[in-house]
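Taking it in order: structure first as structure tokens, then the write-up.
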Amino acid sequence: MSALPPAPHAGGVPLDVIRDDIRALHAYPVASAQGLVKLDLMENPYGLPAELARELGQRLGSLALNRYPPGDPAEFKRRLGEWAGLPAGSALLLGNGSDELIHLLVLACARPDAVILSPAPGFSMYRIIAAQDRCRYVDVALRPDYSLDLPAFLAAIDLHRPAVIFLAYPNNPTGNCFARSDIAAILDAAPGLVVLDEAYLPFAQQTWMDELPRRPNLLVLRTLSSWAWPARAWDTCAARRRSSTRSTRCGPPSTSMSSPSRRSISCSAMPRCSTPRPRRSAPTGAG
Ligand SMILES: Cc1ncc(COP(=O)(O)O)c(C=O)c1O
């Protein structure tokens, strides 16, 4: 990337302390949809039923919002895992929206020269987050019918040895599910993590969640956006337990929260590790 001109001081703030590559980024564009039903964003055009809104208000009002949520909301995760069909031996990682979980996973793998690999066209945040976390982003063009070009994808895996591969299932923006046999071949060939991003699960009606016990490098990402509640309380990422506990170490202590007072949480599922790992040391200060 070419060097930027010296950053101006804004109101006395020296902007040149901000990384050049971050200053060169553009904000994620969100087009105005005034007067439209935002089906592409999976927004529910109908508000909450009055009775549900009342009950929600009562429950929110009774929460201890003056307290930090528990570091490990075990009961919440248990019930969420039950609802999401989390297989035995897997664990959940919760986050503020899938975007945060994508960021945490990439950050956890962001060694110098780490590569993030994904098909193109694909969800634009994979590229943006890779840049923010200083990883190299590589994409492989889909075929004209939007299927994966498996030989090209496997060649890219061989060449770049990606730390993380993102496959949205169904893919955004093309809307199709890639062939399961192609995804299985990618899981077999990948030297690192493979994230099946099931943000649009309701359109797929099939999941990779059941494969978690057999696939140590698989992570499944889910978001409540896809249940038409984008202002929801949480989202999730699922994987075998070892991967989830390691990614958690990149997040703030309250990331795996249970409180619906935060804007959103994402969840990912991962395989369970037989040996308990030492816990991250408890935070000593507030914030
Ligand atoms: C494939 C995909 N994954 C993740 C997300 C982000 O979801 P969230 O709203 O939970 O951050 C989106 C949102 O557009 C998406 O299209």
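Being more than 30 Å from PHE166 (Cβ to Cβ), of a type in the set (Ser, Thr, Tyr) and open to solvent by 40 Å² or more (accessible area, probe 1.4 Å) holds for only one residue in SER62, SER32, and it is SER62.
Each residue in the range 119-136 was checked for being closer than 13 Å to ILE102 by Cα and of a type outside the set (Phe, Trp, Tyr), and 10 pass. The set of residues in the range 94-103 that are in contact (Cβ under 8 Å) with a residue 60 or more places away in the chain and surrounded by fewer than 24 Cβ atoms within 10 Å (Cβ to Cβ) comprises ASN96, GLY97, ASP99, GLU100. For VAL17, indicate whether it is without any contact (Cβ under 8 Å) to a residue 60 or more places away in the chain and open to solvent by less than 100 Å² (accessible area, probe 1.4 Å). Taking the combined requirement at face value, the residue does not satisfy it.
Please go through the range 86-105 and give me each residue that is in contact with a Pro (Cβ under 9 Å, 6 or more places away or on another chain) and either under 15 Å from ASP210 (Cβ atoms) or within 15 Å of the ligand (Cβ to nearest atom) (or both), ordered by number. Listed by number, the residues that qualify are PRO87, ALA88, GLY89, SER90, LEU94, GLY97.
What do you reckon, is ASP72 open to solvent by 50 Å² or more (accessible area, probe 1.4 Å), farther than 17 Å from ASN217 by Cβ and in contact (Cβ under 8 Å) with a residue 60 or more places away in the chain? Yes; evaluated as a whole, the condition is true for this residue. Summed over the range 65-94, residues that are outside any helix (DSSP H, G or I), under 24 Å from GLN206 (Cβ atoms) and within 20 Å of the chain's Cα centre (by Cα) total 8.
The values are calculated or read from the model by the stated rules, or taken from the named source; none is laboratory data. Predicted model, so just to flag it, every value in this text is computed and none were measured. Note that each Cβ is placed from the backbone with ideal geometry, even for glycine, and that neighbours are counted across all protein chains shown. Heavy atoms of the whole protein, side chains included, go into the accessibility calculation; ligands, DNA and RNA do not. Shrake-Rupley method; radii C 1.70, N 1.55, O 1.52, S 1.80 Å.
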